[in-house]
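I'd like to ask some things about the structure below.
Since every read-out is calculated from the coordinates, none of them should be taken as a lab result. A quick note: this is a predicted structure, and the numbers were derived from the prediction, not measured. Cβ placement follows ideal geometry from the backbone for every residue including glycine, while neighbour counts extend to all protein chains displayed.
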Amino acid sequence: MKSLIPAVLIQALAAFGAGADELTVQLRGTSPSTSAGFLLAEARGYYADEGLTVRLLPADDAPPFESIARGNADLAVEWMPVALVARENGLPLVNIGQIFARPALRLTCLAETGVTSAADLGGKTIGSWFHGTEYALQAWLNRLNLIPDDSLSGVSLLSQWPGNEMLSHKQAACISTLSDDPVPGDGLAELDPQAQGAAVLEDGLYVLSSALTNEDAEERLAAFLRASMKGWREATSAPDESARLLLGPDPDPDALRRHAEMLRRMGARLSADGALDEAEYRRTVAALRAGGARAVLRHDPQDAYTTRISARANRPEPAPPAPTPAASGAAEAAPQQQ
């Protein structure tokens, strides 16, 4: 099994108590920075501080929701469109928290192909990662009234190569990118789905509805969310140190700079406390429902999220008890009789 977790992070597993509650979490994305907050929370012992033993499954083990469906994971990290499509197809997933409050998906286009804005995409070829991210792209194309039918009035979608080679070899006018890791170079135009009201929420935490059966289970999930957000805040507020920890001893200097910059950019998108913004959820659903027969979602989701877990995770700690007053006989001398 290939792991995202370098040896320096695996050593942190020794800090977990044998009697702690256990959670198996399926991560997503192949870059360590994609899972930085979870890896940092593990390395720093934040899960152990909450009484949890957390097993992080690297993203190449299985698609996140396949791990949940097979019973190999208790919780998964995934983009919201993928979760809502899976729910519509019968997997009873529930969002219990949102890591990023704003999306990162962009299209980066060669200006020389005539694409400098979303209005220029008709008849062009676009690279897509697929594996679920095409749902977010499809919602965007629906807002633009563009059909991926390889026609001059629509667009063509190709499976995207690693890096930006499709642009450098001019195999596509645009490729899918993330604002956290922009493509360097001149003559490029970056398009943002927010301009068309088509941005959708990305990394959230999902469990099966059967996992929300009692207060103890919900408290365990709240502890995981609380520790994870602590890890994410550290990862994005100290990006250079965090990137060095993620990449292990003697990292490649270019890789170190790149991952540190990715974490720095992620900080601008990070949720303040891991709570799902219900207005952003509704906007995401509206984008996925747009497009008529081509809509990503056929129906409005019901009971697809809960705010109970984030409310527990962010509950104020009880105030410490007031100190007991010292006995008057010890603090004061007895009055003298005349």
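Taking neighbour Cβ counts within 10 Å as the exposure measure, how do S271, S117 sort from fewest upward? The partial results should precede the final answer.
On the way: S271 22, S117 10.
Ranked by crowding around the Cβ, least crowded first: S117, S271.
Amide H neighbours of L157 under 5 Å, at least 5 residues apart or on other chains, H built in the peptide plane: list them.
Counting only residues 5 or more places away or on other chains, the set is I126, D150.
While we're here: What is the local net charge at V82, summed over the other residues whose Cβ is closer than 13 Å to its Cβ (Lys, Arg +1; Asp, Glu -1)? Provide the component values of the computation, followed by the final result.
Values: positive: R28, R87; negative: E66, E78, E88, E134, E202, D203.
Neighbour charge sum, excluding V82 itself: -4.
Among DSSP beta bridges whose residues both lie in the stretch 94-202, state the antiparallel percentage, nearest 5.
On the way: 9 of 15 bridges.
Once the DSSP bridges in the stretch 94-202 are tallied, antiparallel ones form about 60 percent.
Just one of (i) 23.5, 79; (ii) 23.9, 110; (iii) 20.5, 64 is Rg and Dmax of the Cα atoms in Å calculated from these coordinates, so which is it?
The value computed from this structure is option (ii).
Could you please tell me the mean projected area of the C-alpha convex hull for the stretch 105-196, averaged over all directions and given in square nanometres to one decimal?
Working: hull surface 21.3 nm².
Orientation-averaged projected area of the Cα hull: 5.3 nm².
Sort H259, H299 so the one with the fewest other Cβ atoms within 10 Å of its own Cβ comes first.
So the residues, fewest neighbours to most, are H299, H259.
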